[in-house]
Amino acid sequence: MAVEEEYGEPAKYDPKFKGPIHNRSCTDIICCILFMVFILGYIVVGIIAFLYGDPRQVIYPRNSTGMYCGVGENKDKPFVLYYNLLKCITGINILASAMNGLQCPTTQVCVAECPDRFIGTNFLGSPKDAFVQEYCQPSINLTTTQLSVSDIAAKELCPVFMVPSNPFFNRCFPSANLSFPSDFTINNMSQNQTKEEIAKAAKQILDSFNFQNLGKKVFQDFAKSWPWILIALAIAMLVSLLFLILLRFVAGILVWLLIIGVIGIIAYGIYHCYKEYDTFNKQGATITNVGFTTNLSVYGNVKETWLAALIILAVVEAILLLLLLFLRKRILIAIALIKEASRAIGYIMSSLLYPVITFVLLMVCVAYWGITALYLATSGAPLYVVSTLNSSTPGCSNITGNNTCDPMTFNASSTGCSEASCIFYKYNADGIQKNLFNLQIYNIFGFLWCINFVIALGQCVLAGAFASYYWAFHKPKDIPYFPISAAFIRTLRYHTGSLAFGSLILTIVQMIRIILEYLDHKLKGAQNPCTRFLLCCLKCCFWCLEKFIKFLNRNAYIMIAVYGKNFCVSAKNAFKLLMRNIVRVVVLDKVTDLLIFFGKLIVVGGVGVLSFFFFSGRLPIPNDSFKSPTLNYYWIPILTVVVGSYMIAQGFFSVYNMCVDTLFLCFLEDLERNDGSAEKPYYMPKSLMSILNKKNRPPEAEGKKKKKK
């Protein structure tokens, strides 16, 4: 009685209730309107980002004038060539400037092809004999120019030297292993200096991008192994489906095997600890002989350590045995519900396809968020500043990097510094960039809200379908046609506001966690232990709060799917119902988690081990046409198969887990509403009634008996 008073009264019998109600009304309309307005605002943010953003800043490289290579007038010139690549190494950090187009204090031009040979400038003769026109700036014509070779070299109108290069991210980079000709030098540098400097520059660049060859090899491995990867994923799907089907017949055996296995492992641990304790006790190895030491392995050679482990394991073993003794009936109920979940999925096979819809919707949300974030990040015009490599050069001491310039009209002579260059600095902070941070926050918040809403929609739809199965008195005759589609339409029509409300609460908590992670990242250098401790406690509390809200939302969506009430009422009723049956909740949750973990272990582990033996060539196959392809890295397809198998298993078992939770809440409602009499019949399956020693006397059956008499 105390439990009932604290967590509300049990549900009353309603003769009109036959499962998910059909006469519904829209719930949480205000939150539905708020969600629609927010989505419209999210669309406006995407449109603004699309209008002002320019993702070409990330995709295409720029030349010194700010023009894109491979676009517009440079459509036939997709690669950018750096005149003096040594300045890129000594001037700035090439990795730090990767997102800014790899700008550095040297001239860059768009070229159709990267140089394929060594070219060193001969400072004697005419410009057309000293340089190569196709690699010079478009503003100069070597045939008609009046400038001398020295002037062209000083103004970097043409490259003084070039080495064989390969395009990488549409940028011409030299190979790290160049074989230099004997007569190749740069300016006044000796031959050995030339080789060392260029080799050093090339090595530093390619070390920064050492995944170039790796990327090519990975792509080759995928091209060779993709049919076998698809076959392995199909096997994972088949194994997941078979496991769910087999649970109907072997769920009880598996649960008891797992429970006995855990008890047996702990029992062996007790035996092992006793043997070790007995051995060290006879040797007289005690902790007093060792004393205090930071070498923890030493404590494994004293009898007190094994005695403590023996006592702990014995206590755990005793607790498990007592729980098994007193909760055996509830374990049987959990097993029966798990079997019934397999039967329900067997009748509603379309439920196994619904995770595909959820996955597609999640991918749409992720794609929209990523594209919007990219366009927002690349909005605004680029700014260029005057920079110099060596400020000690006469006339260059006043170059501070604060003066803006236009690369189209820049002239180094006007600055008084012959080595001055106009290089990219950042994107303009005017216009949309002033609100860029707020727009990105809106984008992140919208992303989280949409993701949580899609997950909530999937949970509510599946709950409605499986609830219609449970409350069907004669299974499968009374199960409605197309339960998934009916639940989907019903949920979107009446309960969009409730789903938006629940997902909004979860999104707010997740945003707070993101802010705390951001603060933690910023305060990593802080030496205040109190601040760090407080921040750690807050992160832990909000992590627990997020887990609790997910649990509460999940059960609230089940109640919404069945009774059609608003979110707050459904969450309250679900919480009180679970608290009135807290022991059953804990037992079912742990038993289900154990089975699902075992199922994922079978699917992911089995398919992963099979793919390892196949792709590594350790699986003997007599037919050459079915042998594994020769790969550069056989772990690439193995890792792909493991990740894909986990996602497939997660999709199948998420449906199964939702089915178990829905049937469990319906079962608890059934126990409270009905008593098994002819007037109040149970809807639960016979397996559950036999465990509870209940009888189901449906009115239809009583009527038929009377007619027979």
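Quick look at the numbers
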{"read-out": "Solvent-accessible heavy-atom area per residue, rounded to whole Å², over segment 126-172 at 1.4 Å", "value": "50 Å²"}
{"read-out": "Largest to smallest accessible area among Leu247, Leu374 [probe 1.4 Å]", "value": "Leu374, Leu247"}
{"read-out": "Rough spin-label spacing in nm, given labels placed 7 Å along Cα→Cβ, for Met647 and Asn438", "value": "3.7 nm"}
{"read-out": "Full-extension gain in nm, Ile21 to Ile311, via 0.36 nm per residue minus C-alpha separation", "value": "98.9 nm"}
{"read-out": "Cut-off under 5 Å, modelled amide H: who pairs with Tyr384 long-range", "value": "Cys405, Tyr425"}
{"read-out": "Accessible-area ranking of Tyr277, Tyr634, largest first, probe 1.4 Å", "value": "Tyr634, Tyr277"}
{"read-out": "Segment 459-507: C-alpha gyration tensor shape, a/c 1.5 cut-off, then a/b vs b/c", "value": "prolate"}
{"read-out": "Gain in span if fully extended, Lys522 to Leu322, counting 0.36 nm per residue against the direct Cα distance", "value": "67.1 nm"}
{"read-out": "Accessible-area order (highest first, 1.4 angstrom probe) of the listed residues Arg513, Arg493", "value": "Arg493, Arg513"}
{"read-out": "Simple spin-label estimate for Ser139 and Phe533 in nanometres, 7 Å along Cα-Cβ", "value": "6.4 nm"}
{"read-out": "Computed lengthening from Lys590 to Ile43, 0.36 nm per intervening residue step minus Cα-Cα distance", "value": "192.7 nm"}
{"read-out": "Per-peptide average of other Cβ atoms within 10 Å, ordering 323-335, 530-542 highest first", "value": "323-335, 530-542"}
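The values are calculated or read from the model by the stated rules, or taken from the named source; none is laboratory data. These numbers come from a predicted model, not from an experiment. Don't worry about glycine lacking a Cβ; one is built from the backbone with ideal geometry, like all the others, and counts go over all protein chains shown. Please note that ligands, DNA and RNA were not included when accessible areas were found on the heavy atoms of the full protein model with its side chains. Shrake-Rupley method; radii C 1.70, N 1.55, O 1.52, S 1.80 Å.
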